[in-house]
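Any read-out appearing in this document is the output of simple, stated calculations on the displayed coordinates, not a laboratory observation. Model, not experiment: these values are computed from the prediction. Quick reminder, even Gly has a Cβ in these numbers, built from the backbone with ideal geometry, and neighbours come from all protein chains shown.
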Amino acid sequence: MNDDIIISFKNVNYRYESDDEEISLPLAIKNFNLDIHKGEFIAILGHNGSGKSTIAKLSNAIIVPESGHVLVNGMDTADEDNELKIRQTVGVVFQNPDNQLVATVVEEDVAFGPENLGVPQKEIRQRVDEALKALGMYEYRFSEPHKLSGGQKQRVAIAGIMAMKTECIVLDEPTAMLDPQGRREVVKYMQKLNKELGLTIVLITHYMDEAVLADRIIVMTNGEKVAEGTPKQVFAEEKILENAGLSLPDSARLASDLRKKGMKLPDGILTPDDFINAYSNYVNK
Amino acid sequence: MKILEAENVTYTYGAGTPFETKALDNVSLSIEKGEFVGIIGHTGSGKSTLIQHFNALLEPQKGRILFNGNDINKSKDTQRDVRFKVGLCFQYPEYQLFEDTVYKDISFGPKNMGKNNDEIDRMVRSAARYAGVKDELLNKSPFDLSGGEKRRVAIAGVMAMEPEVLIMDEPAAGLDPRGKRNIFSLISNYRKKTGSTVIIVSHSMEDVAAYAERVVVIDHGKVAMDGDVDSVFSQADKLLSLGLNIPQMTYIVSGLIKKGYKLNPAVYTIEKAEEVLFSYFKEKGEKKC
Amino acid sequence: MLRDATIGQFFPGDSYIHKMDPRAKLVFSFGAIIAIFVCKTFESLAVVTLAAILCVFVSKIPFKTIFKGLKAVIFVIIITAVIQLFYVKTGETLVEFWKIKITTGGLSNSIFICVRIIVLILYSSLLTYTTSPTSLTDGMERLFSPLKIIHVPVGTLAMMMTIALRFIPTLNDEIGKIMNAQKARGADLGNGSVINRAKALIPIFVPLFVNSFRRAYELAFAMECRCYHGGEGRTRLKIMTLSWRDYISFTVLAVLYAGIIILNHFFTHVI
């Protein structure tokens, strides 16, 4: 057992139950292996229906594998006795911010997790304030959730998970329903939690420019892992991404198109700023 | 020829209450027949309020909305009539499906128009084709479809009314890159084949830049910018000052211009960026030689 | 906009009554309402009425607002008054024509009942006007928590109530969106015969139900992720403590009862 690993997927297979008992649905997750290290920022990329959201639910015992094991800090998610401990270790934030806030006041919503865990009142207060401050939502603590913007709601949802003192936050397409402003906010705080507070972040997304920020990227298609590596490594595999229904980040695609025309731009251009630097260096040579 | 016009339209939500907010402030805008217009603005800019005026879901508190030169709010009948002529497809339209088969759902609009069964059948099938809804799906329940399929069924439901103007609010919201490409290519195909006027409302500069011919930027209930795609996207700084994202390609080119490179600023698609940057590189190379 | 609609009848403020513990407010309102029914004389009813008016003053809620609430039940009040007027036939006859006879007993009874209903509404609306639905739910949860002993799932019921309150504005928004979307496809809402109108609701309610189920499903996952496992063993962020305000309100209630009992004893009973 490696102490450094927070979530470990070992040969995981999973299939959803069909409404019709006669029909058995195909596997949603096929022989999936992945070790997520403490403090890592990992992005899981895939098209809709690639199985990437299933990974989120498997990671904290909302569902358990048909075969294989998911271990959270060494605890098997299939063992019901571990359930609460696992959910205090790994929290999941979902796509629709409206459907995960339970209370009518922001601070009470953030308190929901610690309240369920039976944390003493004084400590709940402290945790709620800390979490709200970390997400820049402290001044909204008395607001009603439905009056917040999408990005703010999502930050409250993240604070609600943080207040349980989780070590790892899995975010399942947290920005898919947000406007550009909301997306920027969520991405900014996600990075902050990872870099400054050392939380492990698993970001499930289909936005390439978000995935670029991760330490490591996993690409999923039809329930299988088809690519894995640093953003530079993964985004060098244009064919695999294409087949996975994804595209390169725009700057990377531009660089790759220009390379095809004979410009010898360096590898690993992922962001607009990368491109600007690489292009001006190359043209000035 | 002007097909849709907003004349000095003002609209305030919750007038007279403490929650009063001015959503549209003396907006005048006209849309030409056959145009492909992109409307951009951040959340709360008033762009959704504006498009709900175009099919009489909202009535201007001041000003008028004209369709082919006629005031659409003259009577209840003209208001209802304009709904069929200006088809409005809301954000996440799949959440509004309700019938037990896809066919019936798509036929809801034509039925409300009072068409006969043959007409309805023709309209449903042609809309299904434009929206990329396969024939074998027509008898299925819309609730059994995948997210992308549901979205296309909902879009077909609006196209089936054969509106002269098709307005779509964030048609690709929440879809993955492939789904997004599909939706946009079916919209531009629909426009090519039917010659309809199309208005797309979006946050995504990239999508608007790639498909629209004209861009209208709404900010604080006013038209802040209006012009062809080149003229709007060449003003990167102004877009940024309005709190909008600019396409990555526009960002790259304007960044290079700031570094002293003499490039054409009207760049917003990868193809265009490639062309501009490559020809600059070639010219420079030739000069050196 | 729909999202700005006030839920319930809460009027935020910082009056003495607004600051009271919701439990004390519940007890006081309930106590005062019972007191109305303990009254048997005009004199004792006057005391309860005056107390109610005093409370409205203290709450700083404009009487106009309170009377708006009364408007809704004016019909009930009139019917009750008329029934009392004609059916109680004690005392001297005031007017008599055809089969109808109005007596002094009938008149005083009818006035008495009207005042009772009005005061009852005064007290109960004061409670909802000065207490946010959230703290009302919290107050009820804690007040009824002894019922847990007889296996009443108080915590779960309160949770349901909170979630309902949380989702009312969301669903409100959603109804608006669905209605607009169907109108955009030419749906004709609110016209024609009753059957047609009922039919016109199908395109609104089917998506609303489908979406609500989806929301409920997603919410259940989210709650599980946050370690919700029923009401047992939960602690709370907010601890409610009774303050001097609340003790004063209990004293007022006690004085009120003493007054009523004394006045009931010394004056003629109306009822």
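GNM remark for chain B: springs join alpha carbons under 10 Å apart, and the peak mean-square fluctuation among B:Val267, B:Val276, B:Val198 falls on B:Val276.
Stretched out fully, how many nm does the piece from A:Lys147 to A:Lys188 gain, at 0.36 nm a residue minus the Cα gap? Before the final figure, lay out each step's value.
On the way: separation 41, 0.36 × 41 = 14.76 nm, distance 2.17 nm.
Here the segment from A:Lys147 to A:Lys188 would lengthen by 12.6 nm.
Legend: mean number of C-beta atoms from other chains within 10 angstrom of residue C-beta atoms, peptide C:140-148, equals 0.
Mind scanning A:Lys264/B:Lys180; B:Lys115/B:Lys140; B:Lys47/B:Lys76; A:Lys195/B:Lys180; B:Lys259/B:Lys282 and naming the pairs with a C-alpha gap bigger than 26 Å? All intermediate terms of the calculation are to be shown ahead of the outcome.
Working: A:Lys264/B:Lys180 31 Å; B:Lys115/B:Lys140 23 Å; B:Lys47/B:Lys76 24 Å; A:Lys195/B:Lys180 32 Å; B:Lys259/B:Lys282 18 Å.
Pairs exceeding 26 Å: A:Lys264/B:Lys180; A:Lys195/B:Lys180.
Taking N as the residue count of chain B, its C-alpha radius of gyration divided by 2.2 N^0.38 Å amounts to 1.10.
P(r) tail, the range B:196-268: Cα-Cα pairs separated by more than 20 Å, 26% of all pairs. If R0 is taken as 51 Å, the Cβ-Cβ distance between C:Asp173 and C:Ala46 corresponds to a FRET efficiency of 0.60. By the Cα gyration tensor, the range C:91-183 has an equivalent ellipsoid whose semi-axes, rounded to whole angstrom, run 45, 25, 12 from largest to smallest. Taking label positions 7 Å along the Cα-Cβ direction at both B:Asn139 and C:His269, the computed distance is 7.7 nm, reported to one decimal.
Between C:Phe30 and C:Ser15, the simple label model (points 7 Å from Cα in the Cβ direction) yields a spacing of 2.3 nm.
Determine the gain in length on full extension of the stretch C:Phe250-C:Thr156; use 0.36 nm per residue of separation and subtract their C-alpha separation, reporting nm with one decimal.
Details: separation 94, 0.36 × 94 = 33.84 nm, distance 2.91 nm.
Length gained, C:Phe250 through C:Thr156: 30.9 nm.
Computed from Cα positions, the angle between helix A:272-284 and the longest principal axis of chain A comes to roughly 20 degrees.
Output the antiparallel fraction of DSSP beta bridges having both residues in the protein assembly as shown, as a percent to the nearest 5. In the protein assembly as shown, approximately 55 percent of DSSP beta bridges are antiparallel ones.
Measuring nothing but how far apart in sequence close Cα pairs (under 8 Å, 6+ apart) lie, relative to its length, chain A scores a relative contact order of 21 percent. With coordinates expressed along the principal axes, the C-alpha atoms belonging to the range B:15-64 extend over 42, 24, 18 Å, beginning with the largest.
Mind putting a number on the dipole of the range A:1-143 about its Cα centre? Charges go on the C-beta only, +1 for Lys and Arg and -1 for Asp and Glu, and I need it in Debye to the nearest 20. Walk me through the numbers on the way to the answer.
Details: 13 positive and 24 negative charges, 107 e Å.
Around 520 debye, computed over the range A:1-143.
Mean-square fluctuations from a GNM of chain A, with a 10 angstrom spring cutoff on Cα atoms, peak among A:Asn11, A:Asn194, A:Asn243 at A:Asn243. Helices in chain A, meaning DSSP H runs of at least 4 residues, each add -39500 (n - 2.57). Divided by all residues, the mean residue ellipticity at 222 nm is -11000 deg cm²/dmol. Suppose R0 equals 45 Å; then what is the FRET efficiency for C:Arg214 and B:Lys222 from their Cβ-Cβ distance, rounded to the nearest 0.05? So, using R0 = 45 Å, E works out to roughly 0.75.
Measuring max minus min along each principal axis, the C-alpha atoms of the range A:1-135 give extents of 50, 38, 30 Å (largest first). When the P(r) of chain C is calculated, the portion above 23 Å amounts to 68% of the C-alpha pairs. Seen from a random direction on average, the alpha-carbon convex hull of chain A projects onto 17.5 square nanometres.
Any of C:Lys19/C:Lys68; A:Lys147/B:Lys222; A:Lys52/A:Lys165; B:Lys104/C:Lys183; A:Lys10/A:Lys153; A:Lys147/C:Lys19 with alpha carbons more than 27 Å apart? Name them for me.
Check vs 27 Å cut-off fails for A:Lys10/A:Lys153.
Taking the longest Cα principal axis of chain B as reference, the axis of helix B:248-258 is set at about 30 degrees.
For chain A, a Gaussian network of Cα nodes joined below 10 Å ranks A:Ile62, A:Ile217, A:Ile86 by mean-square fluctuation, and the top entry is A:Ile62. Legend: calculated FRET efficiency, B:Arg129 to C:Leu201, from the Cβ-Cβ distance at R0 = 22 Å, rounded to 0.05, equals 0.10. On the principal axes of its alpha-carbon atoms, the range C:154-225 has extents of 46, 22, 16 Å, going from largest to smallest. Here B:Lys33 is the anchor, and the aspartates and glutamates within straight C-alpha reach of less than 20 Å, apart from those fewer than 8 places off in the same chain, are B:Glu5, B:Glu7, B:Asp71, B:Asp81, B:Glu162, B:Glu164, B:Asp169, B:Glu213, B:Asp226, B:Asp228. Please report the relative contact order for the range C:120-261, taking Cα pairs under 8 Å with a sequence separation of at least 6, and give it as a percent rounded to a whole number. Across the range C:120-261, relative contact order equals 20 percent. Peptide C:236-242 has a mean shielding of 5, counted as Cβ atoms of other protein chains within 10 Å of each residue's Cβ.
Our Cα-only numbers for the protein assembly as shown put the radius of gyration and Dmax at 32.2, 124 Å.
Can you give the average number of partner chain beta-carbon atoms within 10 Å of each beta-carbon in peptide B:165-171, as a whole number?
Details: counts 0, 0, 1, 0, 0, 1, 0.
If you average over the peptide's residues, the count of other-chain Cβ atoms is 0.
Can you list the residues of the range B:231-267 with backbone N under 16 Å from a point 7 Å past the Cα of B:Lys282, pointing along Cα to Cβ? Taking a point 7 Å out along Cα→Cβ of B:Lys282, the residues of the range B:231-267 whose backbone N falls under 16 Å are B:264. Since only B:Val208, B:Gly285, B:Gln235 are under comparison, the one whose Cα sits farthest along the positive direction of the charge dipole of the range B:164-285, derived from C-beta charges on Lys, Arg, Asp and Glu, is B:Gly285. Along the charge dipole of chain A, which of A:His47, A:Pro266, A:Leu148 sits closest to the positive end, that is, farthest toward it, with unit charges on the beta carbon of Lys, Arg, Asp and Glu (+1, +1, -1, -1)? About the Cα centre, the residue reaching furthest to the positive side is A:Pro266.
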